[in-house]
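The next block holds one structure in the form of structure tokens; read it before the comments.
The values are calculated or read from the model by the stated rules, or taken from the named source; none is laboratory data. Keep in mind the model is a prediction, meaning the values are calculated, not measured. Glycine gets a Cβ as well: all are built from the backbone with ideal geometry, and neighbour counts include every protein chain shown.
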Amino acid sequence: MRVRQGATLTDLAEKINANPAALVTVLFHLGEMATATQSLDEDTFALLGAELGYNVQIVSPEDEDRELLESFDIDLEPDEDDANLVPRPPVVTVMGHVDHGKTKLLDAIRSTDVVAGEAGGITQSIGAYQVRVNLNDEKRPITFIDTPGHEAFTAMRARGAEVTDIAILVVAADDGVMPQTVEALNHAQAANVPIVVAVNKIDKEGANPDKIRGQLTEYGLVPEEYGGDTMFVDISAKQRLHIDELLEAVLLTADAALDLRANPDIDARGVTIEAKLDKGRGAVSTILVERGTLRVGDPIVAGSAYGRVRAMFNEHGENLTEAGPARPALVLGLTNVPSAGDSFIVAPDDRTARQIADKREAAERAALLAKRRKRVSLENLTDVLKEGKVDTLNLILKGDSSGAVEALEDSLLKIDVGDEVALRVIHRGVGAITQNDVNLATVDSAVIIGFNVRPAERVSEIADREGVDMKFYSVIYNAIEDVEAAMKGMLKPIYEEVDLGAAEIRQIFRSSKFGSIAGSIVRSGIIKRGAKARLVRDGVVINGDLSIETLRREKDDVTEVREGYECGINLGFKDITEGDVIETWETREKPRD
């Protein structure tokens, strides 16, 4: 039995011709609670299917989308006649540690400084561009995708590698292999992407390119000069040394290891590299054509966005009438902002494009609900409903691009401070923080996080009036740290017992006013008036719920007595004997890790 991701009990009931209410009851008896219209996760469907005798399989988003397009007679993988395939440029992603010169290298390759804006060392948006390289007296294009190379943006970079043919791994010759270098390397190898190593900063004092070669050999990147098949090129991005040799190495690697061909004479399909909302032009998307040719006027669908290509521009801002395989282009005309990594296709007509987009949006919404659903079972229902047992931090995320918002959300959802506190992203979007965002935050007691965006006009005043907290960031890690700190602050305090001191009873005095007074000597620590106490006899606790009601030293009332001194203690408890030990303690809040 196949069900889509994010399906409900009603969806399953339709497939097996059952009453949704009956399935709710079955789940209840299995210890799970859900409504008929609630999106369920894979584990819950598996549990229910086993009980009903069905092997329930969740259709992956890719398979679901393929089936959706097939219902509109669109074949994503048509059989290609070899005669129709023509060579296409390689698509290259530059990866590496954030301080090793990735941005400078991209700048050097483009020869124009269009990558100036970095905050905290993290590339804030994705661009794509094409350069032409002279190899064997032939001008050949290479397409570069500028994907953020830092760990926090793994989601966007993973999508970048899906369209990447070759990865350039940048390593600083004066620094060596860093953890982020290894992560980028593993990411490329997992995607079966050939790697060309750019050993950067060879102009700096202390540069040791041979050391880099030795280090990377341990990770399976063996230089050609060592008998391996990985090309290493020593460069200086800052001085623009040997950049041409690096680009030639990319082309030589592509020729040796890859068969890069595509059919330009079919309807275009490809990937959204990045998208954002432009104040003057609306939804602006950087796309990369994978096969076919995209033309101005084509009806397209990108994720859950659709429209006609109103205009296209290349990396220089020049108008394009068409874009062929491996060609990046800036596209105007979509109704809304697609997500980074969304595939795009040319649809037969506007109506079909809209229908596909609507169905995709519904499927995405259902899948998102299933992903974020916090499961409630009968075993923990009572605890969950107790006042203060579970707290939820509601967030609204707004950013300057869909890729940044998605990466921020993924990073935030990975924060784990235990089961007592839940994090819920109730809305996310691209663009300035609006009054609607503040209204939603007011209703759901949410915090608004703005990533490289600010509030629209007068929105700050409304937020202040409504008491809505808005936080603004340009570095993703600051946002993660603040949210984690907020969640830890919502946790109920954990207290621990801390021993203060112990006193041995040496003599007992009877007082008509105070009852039994224990003449004692403090054996360790200090004895404080008002401290909690337990009475121990021969290692057995006689009473563990006592307190030091009065404390006297000679004839004076005192607040504390230290080790080695004698004192009189009144516990308000009669059953005391000589030789008993009075242990005192207090509870202190335990700091969380």
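Tell me, which helices (runs of 4 or more DSSP H) wholly within segment 1-116 include 1 or more residues that are in contact with a Gly (Cβ under 6 Å, 6 or more places away or on another chain) and closer than 30 Å to residue 326 by Cα?
Here the list reads 102-110.
Test residue 364 against the criterion of being within 30 Å of residue 426 (Cα to Cα), at pLDDT below 95 and of a type in the set (Asp, Glu), and give yes or no. Step through it out loud before you land on a result.
Values: within 30 Å of residue 426 (Cα to Cα): yes; at pLDDT below 95: yes; of a type in the set (Asp, Glu): yes.
Taking the combined requirement at face value, the residue satisfies it.
Go over the candidates 305, 340, 311 one by one and state the one that is farther than 19 Å from residue 88 by Cβ, among the aliphatic types (A, V, I, L, M) and modelled with pLDDT under 90.
340
Taking the stated definitions as given, is residue 274 more than 33 Å from the chain's Cα centre (by Cα) and either hydroxyl-bearing (Ser, Thr, Tyr) or not in a loop (DSSP other than H, G, I, E, B) (or both)? Give the derivation first.
Numbers: more than 33 Å from the chain's Cα centre (by Cα): no; either hydroxyl-bearing (Ser, Thr, Tyr) or not in a loop (DSSP other than H, G, I, E, B) (or both): yes.
No.
When only residues in segment 282-295 that are surrounded by fewer than 21 Cβ atoms within 10 Å (Cβ to Cβ) and in contact with an Asp or Glu (Cβ under 7 Å, 6 or more places away or on another chain) count, which is modelled with the lowest pLDDT? Spell out the reasoning first.
Initially, segment 282-295 is screened for residues surrounded by fewer than 21 Cβ atoms within 10 Å (Cβ to Cβ), giving 282, 284, 290, 293, 295.
Now narrow it down to the ones that are in contact with an Asp or Glu (Cβ under 7 Å, 6 or more places away or on another chain): 284, 293, 295.
Values: 284: 92, 293: 97, 295: 98.
Filtering segment 282-295 for residues that are surrounded by fewer than 21 Cβ atoms within 10 Å (Cβ to Cβ) and in contact with an Asp or Glu (Cβ under 7 Å, 6 or more places away or on another chain), the one modelled with the lowest pLDDT comes out as 284.
Filter segment 530-565 for residues that are charged (D, E, K, R), under 19 Å from residue 499 (Cα atoms) and in contact with a strand residue (DSSP E or B) (Cβ under 6 Å, 6 or more places away or on another chain) and give the result.
532, 534, 549, 560, 562, 563
I want to confirm something. Restricting to segment 454-472 and keeping residues that are part of a loop (DSSP other than H, G, I, E, B) and within 26 Å of the chain's Cα centre (by Cα), which single residue is farthest from residue 394 (Cα to Cα)? Give the steps one after another, and end with the answer.
Applying the first criterion (part of a loop (DSSP other than H, G, I, E, B)) to segment 454-472 yields 454, 456-458, 467-469.
The next check asks that each one be within 26 Å of the chain's Cα centre (by Cα); those that pass are 454, 468-469.
On the way: 454: 19, 468: 12, 469: 11 Å.
Among residues in segment 454-472 that are part of a loop (DSSP other than H, G, I, E, B) and within 26 Å of the chain's Cα centre (by Cα), the one farthest from residue 394 (Cα to Cα) is 454.
Just for segment 263-281: of the residues that are of a type in the set (A, V, I, L, M, F, W, C) and surrounded by 21 or more Cβ atoms within 10 Å (Cβ to Cβ), which one is nearest to residue 127 (Cα to Cα)? Give the derivation first.
Filtering segment 263-281 for residues of a type in the set (A, V, I, L, M, F, W, C) gives 266, 268, 271, 273, 275, 277.
Subsequent filtering for residues that are surrounded by 21 or more Cβ atoms within 10 Å (Cβ to Cβ) retains 268, 271, 273, 275.
Details: 268: 20, 271: 13, 273: 7, 275: 10 Å.
This residue is 273.
What pairs come out if I take residues in segment 289-315 that are in the same structural domain as residue 330 (by the TED database) and assigned to a loop (DSSP other than H, G, I, E, B) and pair them with residues that are buried (at least 21 other Cβ atoms within 10 Å of the Cβ) and of a type in the set (Phe, Trp, Tyr) whose C-beta lies under 9 Å away, six or more apart or interchain?
Once the first residue is in the same structural domain as residue 330 (by the TED database) and assigned to a loop (DSSP other than H, G, I, E, B) and sits in segment 289-315, its partners that are buried (at least 21 other Cβ atoms within 10 Å of the Cβ) and of a type in the set (Phe, Trp, Tyr) give 303/344.
Within segment 343-360, count every residue that is surrounded by 23 or more Cβ atoms within 10 Å (Cβ to Cβ) and part of a loop (DSSP other than H, G, I, E, B).
Qualifying residue count for the region: 1.
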